[in-house]
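A.B. asks: Shown below is the structure under consideration.
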């Protein structure tokens, strides 16, 4: 009889700790692996100006896309109620490779850039607070900006100069291409995922987010003493996977 009472008491305790883990007032810190998979495409490169004079000419057949990247993510979640919880997500800025497409595909990697994208989500958890496996849906916003934009391919400038001139331009007349800016922007975030609660403190989760995002990179190429400024309008639209482990305080 005492053994049955002991098991019953343990079961009640387990339910109580489970309820506390994802109920109103809980604070959960999480960390894990973030994979960003851009569904990228771009318009043809646009020559804005040559030597300061407006041109606004598209280089048909040119383009660029962005490769995937991995990074360490960190997030904090606070349960306002048993079902509603805001989450703040950030992490080490991943480095993306910018690759040529179309007539620029033979150049391979054109350059690299780091992306900063702290994100604020408002999530709704389904099921009771004591349920170990809880799905959720979220909606949020991210602020995206870029640093360390670098052109790593010395042949990009020659290709751009030759396209503008309509024929081959000797490399001696072309200076190194630089990135003068990459446009920052706000973007919505559509999110969904699952959290599994192991015990009172530890949990694991998986979330998938979609971010409709686009940006513009501005390049400067010295050609025979005149600066050729060009832009690349790129749609990133990344799918972001976040596999994480959490601790409830």
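The values are calculated or read from the model by the stated rules, or taken from the named source; none is laboratory data. Quick caveat, the model's predicted, so the values are computed rather than measured. Glycine also receives a Cβ, built like all others from the backbone with ideal geometry; neighbour counts cover every protein chain displayed.
A.B. asks: Which members of the range 230-249 meet the condition of being outside any strand (DSSP E or B) and surrounded by fewer than 21 Cβ atoms within 10 Å (Cβ to Cβ)?
C.D. replies: Result: 237, 249.
A.B. asks: Restricting the range 142-177 to residues that are surrounded by 16 or more Cβ atoms within 10 Å (Cβ to Cβ) and in a strand (DSSP E or B), which is farthest from the chain's Cα centre (by Cα)?
C.D. replies: 174
A.B. asks: Go through (1) at pLDDT 95 or above; (2) touching a helix residue (DSSP H, G or I) at 6+ places or on another chain (Cβ under 6 Å) for residue 210 and report which single condition fails.
C.D. replies: Going through (1) at pLDDT 95 or above; (2) touching a helix residue (DSSP H, G or I) at 6+ places or on another chain (Cβ under 6 Å) one by one, residue 210 breaks only (2).
A.B. asks: Name the single residue, out of those in the range 195-207 being out of contact with any helix residue (DSSP H, G or I) (no Cβ under 6 Å at 6 or more places or on another chain) and surrounded by 15 or more Cβ atoms within 10 Å (Cβ to Cβ), that is farthest from residue 35 (Cα to Cα).
C.D. replies: 203
A.B. asks: Okay, moving on. Are there any pairs with C-beta distances below 7 angstrom linking a residue in the range 155-171 that is in contact (Cβ under 8 Å) with a residue 24 or more places away in the chain and at negative phi to a residue that is surrounded by 13 or more Cβ atoms within 10 Å (Cβ to Cβ) and part of a helix (DSSP H, G or I), with the two at least 6 apart or on different chains, and if so which?
C.D. replies: Close Cβ pairs (under 7 Å, with a partner that is surrounded by 13 or more Cβ atoms within 10 Å (Cβ to Cβ) and part of a helix (DSSP H, G or I)) amount to 155/107; 156/107; 159/107; 169/158; 169/161; 169/162.
A.B. asks: How many residues are surrounded by 19 or more Cβ atoms within 10 Å (Cβ to Cβ) and closer than 30 Å to residue 203 by Cα when one looks only at the range 33-68?
C.D. replies: Residues flagged as surrounded by 19 or more Cβ atoms within 10 Å (Cβ to Cβ) and closer than 30 Å to residue 203 by Cα within the range 33-68 amount to 3.
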